[in-house]
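Working notes, beginning with the structure itself.
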Amino acid sequence: GLKLVVTKQGMTDSWLQDVGKIELDGEKEQMERESRETPENQATGENLAYVIYTSGSTGQPKGVMIQQNSLMNFLFAMKQTLHSNADMNWLAVTSMSFDISILELFLPLMSGAKLIMACGEEVRDGQKLAALIRQHQVTHMQGTPSTWKLLMGEGVVLPRTFTALVGGEALPVQIAEQLISNGSRAINMYGPTESTIWSALWEIQGKECIRIGGPMANTRMYILDAEQQPVPIGVEGELYIGGSGLARGYLHMEKKTSERFKLLSLKEGQEERLYQTGDAARYLSNGEIEYRGRLDHQVKIRGYRIELGEIENVLLRYPTIQQVVVTVKAFGEEDKRIAAHIVGEGSPEEWRSYAQAHLPSYMIPSYFIQIEHIPLLSNGKIDR
């Protein structure tokens, strides 16, 4: 449904034949003849700020429609959380095809701060990232655990004035400890695209279980069981999100929208629109929320329900293992086996022996596969 492209001469191709174009260089003289008066702003909070595509687990792209009021609610909440001001030097490392880049681009502009944009080559090279941080005296950076792992692998010690934002995937404890080892600030972020970038945050304190904390401004979170009823403290359920951050839905996908955005009555006589995340979570005794992994990463093998992230966390405690991704290999409907893909020193025999000492028998991987590096998607997440 594209109507208009803002571009330059010679940058468009045959696929844009039926789309309107504004060529900034070719139409410069005409633009200079236009009125310089500020036009009347007819936009409202219900207008769309953007449509961004997410493939999800099915691989079918879904265009998530985010409204202006949802985006402004998020940006002002982050401005308040980070105490943003003109002294901030923000290093932007995220591809613009990933919605968290919106925070990196707009929050510094809202705060009068400095924005340093890393190029693709610098983002993939830990040494070059470290050099940028030193050169520009960077105070804030946001990245996936894989990005921070790349940077920490260069032996970087973050200054005390630094704030690290981590999100997009489950955060390993060892990376969390490295981020705060010199007294710098680190915040674990959580949120699906459908609830406007980040929905919850937790400031990392030390050697505690990693959690997502609690909802951000004007956001509500519920952990529900299979009957969509609230679960008690300590019991795992599925995370649902409501509040100001919810997307309008999926573009031209009414059925998919109704499947994931649901009207539920959690309080008597009150219906609330909630997004069903597909993420497992539980309440801790202090009311904070612990993320327990993707429900589609929970598998049933030989009658046992297994959370693959738990196997990863155990193996990461082995001194010479740097990174682990656990997957399931299917050899038919009834024959599923666990595989651990490992970056690190050692042998499969060592790792199997360690797993046997620390995991129940049904969670021990059938395969231990040594690889040079974990493959990543363009947004910095693991390419499973």
| request: Only residues that are under 23 Å from VAL231 (Cα atoms) and either of a type in the set (Ser, Thr, Tyr) or buried (at least 19 other Cβ atoms within 10 Å of the Cβ) (or both): list them for segment 242-260, please. | output: GLY242, GLY243, LEU246, ARG260
| query | Is there a residue in segment 171-183 that is surrounded by 19 or more Cβ atoms within 10 Å (Cβ to Cβ), assigned to a loop (DSSP other than H, G, I, E, B), among the aliphatic types (A, V, I, L, M) and touching a Pro at 6+ places or on another chain (Cβ under 8 Å)? | reply | yes
| message | Checking the condition closer than 19 Å to SER146 by Cα, not assigned by TED's automatic domain parsing to the domain that holds THR144 and not aliphatic (A, V, I, L, M), which residue from ARG384, ARG337 passes? | response | ARG384
| query | For residues in segment 73-107 being crowded, with 20+ Cβ neighbours inside 10 Å and charged (D, E, K, R), which is modelled with the highest pLDDT? | reply | GLU104
| said: Taking the criterion of being closer than 17 Å to ALA217 by Cβ, surrounded by fewer than 20 Cβ atoms within 10 Å (Cβ to Cβ) and not β-branched (Val, Ile, Thr), would at least one residue in segment 55-66 satisfy it? | reply: no
| message | Condition first: touching a Phe, Trp or Tyr at 6+ places or on another chain (Cβ under 8 Å) and either of a type in the set (Ser, Thr, Tyr) or within 17 Å of GLY191 (Cβ to Cβ) (or both). Can you find one or more residues in segment 115-127 that meet it? | response | no
| Condition broken by ILE338, with the remaining ones in (1) assigned to a strand (DSSP E or B); (2) out of contact with any Lys or Arg (no Cβ under 9 Å at 6 or more places or on another chain) satisfied | (2)
| Among the listed residues TYR275, TYR283, which satisfies the condition of being in the same structural domain as GLN67 (by TED's automatic domain parsing), closer than 30 Å to LEU2 by Cα, surrounded by 19 or more Cβ atoms within 10 Å (Cβ to Cβ) and under 23 Å from the mean Cα position of the chain (by Cα)? | TYR275
| What residue, of GLU194, GLU227, is buried (at least 22 other Cβ atoms within 10 Å of the Cβ), within 17 Å of LEU263 (Cβ to Cβ) and among the charged types (D, E, K, R)? | GLU194
| Could you list, in sequence order, the residues of segment 207-218 that are under 17 Å from the mean Cα position of the chain (by Cα) and either in a strand (DSSP E or B) or loosely packed, with under 13 Cβ neighbours inside 10 Å (or both)? | GLY213, GLY214, PRO215
| remark: Flagged pairs (Cβ under 6 angstrom, 6 or more apart or on separate chains; first in segment 313-340, over 13 Å from GLN370 (Cα atoms) and without any contact (Cβ under 8 Å) to a residue 12 or more places away in the chain; second of a type outside the set (Val, Ile, Thr) and surrounded by 16 or more Cβ atoms within 10 Å (Cβ to Cβ)) are ALA330/LYS336
| note | For helices (runs of 4 or more DSSP H) lying entirely in segment 1-116, having 1 or more residues that are in contact (Cβ under 8 Å) with a residue 60 or more places away in the chain and over 18 Å from the mean Cα position of the chain (by Cα) picks out 68-81
| segment 135-150, subset over 17 Å from MET117 (Cβ atoms) and either in a helix (DSSP H, G or I) or not assigned by TED's automatic domain parsing to the domain that holds LEU103 (or both), residue farthest from the chain's Cα centre (by Cα) | LEU150
| task | Answer yes or no: is there a residue in segment 289-310 that is buried (at least 16 other Cβ atoms within 10 Å of the Cβ), of a type in the set (Phe, Trp, Tyr) and closer than 29 Å to VAL231 by Cβ. | result | yes
| said: Quick check on ARG211: is it under 19 Å from GLU288 (Cβ atoms), in the same structural domain as TYR275 (by TED's automatic domain parsing) and without any contact (Cβ under 8 Å) to a residue 24 or more places away in the chain? | reply: no
| query | Would segment 360-374 turn up any residue that is under 24 Å from the mean Cα position of the chain (by Cα) and among the aliphatic types (A, V, I, L, M)? | reply | yes
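The values are calculated or read from the model by the stated rules, or taken from the named source; none is laboratory data. Note that this is a predicted model, so its numbers are computed, not measured. Please note: Cβ atoms are built from the backbone with ideal geometry, for glycine as well, and neighbour counts cover all protein chains shown.
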